[in-house]
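Notes follow once the structure below has been shown.
Read the figures in this text as sums done on the coordinates, not as results from a lab. Keep in mind it's a predicted model, so treat the numbers as computed, not measured. In this analysis, Cβ positions are derived from the backbone assuming ideal geometry, glycine residues included, and neighbour counts consider all displayed protein chains.
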Amino acid sequence: MNETLAAMAQALFKDWFVDFGPTRAKQEGLEPYLTPELWSLFPERLDAEGTSEGWRRCALEDIVDVNPTEPLKKGTAAPYLEMSALPTRGSITEPAVLREFTWGMRFRNGDTLFARITPCLENGKTAFVQSLIDVWSAFGAIIEPLFQRIRANGEESRTLAQTRDLLLPKLMSGEIRVKDAERTIEDLT
């Protein structure tokens, strides 16, 4: 399910910001395929370069903060992720751990993390820590629930794995029976 949700967000991004689908559809006189509020955010035609008229190509740094400064004193407890905690598929990281800040990048909810060393960069290690700007805001409003669901699915998966790891050895050894396991699960929830 998470891979499908992430693929949906990627397809939406590609349609809006790579293929300029809504603008192309408007230019060709096709019916709107977005809500009126979203449809109105897109220009009526493409420019000579094939980009939505009035839009400009720019560097990522022109529209988002890359490595924004986050003041943090040495010795302060801060969330930390090992590079191994970034996924090669999907966007869910392993849970961050709090550790005393000594060096490294600081991050907060709303940040997207990209690996910057090989082979992690080549393996596509990226993660979404938790929001986006006009058309960007509209895009963010659509994909944010997808990422919230991805995060919830990840948390649910970890809970299920913990429950399995707790009960399976006891079931296999005969220490408890299925009815006892059901009661244990009820007690946990």
10 Å beta-carbon shell around residue 56, net charge (K/R +1, D/E -1): -2
Residue-count net charge about residue 33 - beta-carbon cut-off 14 Å; Lys, Arg +1, Asp, Glu -1: -3
